[in-house]
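Visitor: Shown below is the structure under consideration.
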């Protein structure tokens, strides 16, 4: 196996682990925020539109954040701020009344994701 094949396999494994983690933690969050550069899950969001002469400008402040990035050592961070002139999509995943995923339910989802990794 060549080094390029090993690298491709490593990248594919990292992407698969990221997708499984995303599925496991998705229920913990209230918002899904998509920008041209990244995808975020968060529980608190402040989105400010700042008009500019030639392009739109957005300032996002998020708390309790999960970042889609397979190269980060940790994807959970307490706060994030994003400044962008690109498109921003915000999806509300659950309302104030909807219960968040409990810690026990999250642990069970993570166990299921990890056990399916072992079976492959």
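Visitor: Sticking with the crude label model, points 7 Å out along Cα→Cβ, report the distance from residue 38 to residue 108 in nm, one decimal please.
Guide: So the two model labels end up 3.2 nm from each other.
Visitor: Looking at the calculated P(r) for region 7-95, what percent of the C-alpha pair distances fall above 15 Å?
Guide: Summing the P(r) tail past 15 Å for region 7-95 gives 61 percent.
Visitor: Based on the mean of other Cβ atoms within 10 Å per residue, sort peptides 65-77, 4-16, 33-45 so the most packed one is first. Before the final figure, lay out each step's value.
Guide: Numbers: 65-77: 13.9, 4-16: 10.9, 33-45: 16.7.
Ranking the peptides 65-77, 4-16, 33-45 by packing returns 33-45, 65-77, 4-16.
Visitor: Give me the base-10 log of I(q)/I(0) for region 23-72 at each q in 0.13, 0.30, 0.33 Å⁻¹, Debye formula, one uniform scatterer per Cα, rounded to two decimals.
Guide: -0.36, -1.20, -1.30
Each reported figure results from applying straightforward, stated rules to the coordinates on display, with no laboratory input. Note that the coordinates shown come from a computational prediction; the quantities given were computed from them, not determined experimentally. Positions of Cβ are backbone-derived with ideal geometry, glycine not excepted, and every protein chain shown enters the neighbour counts.
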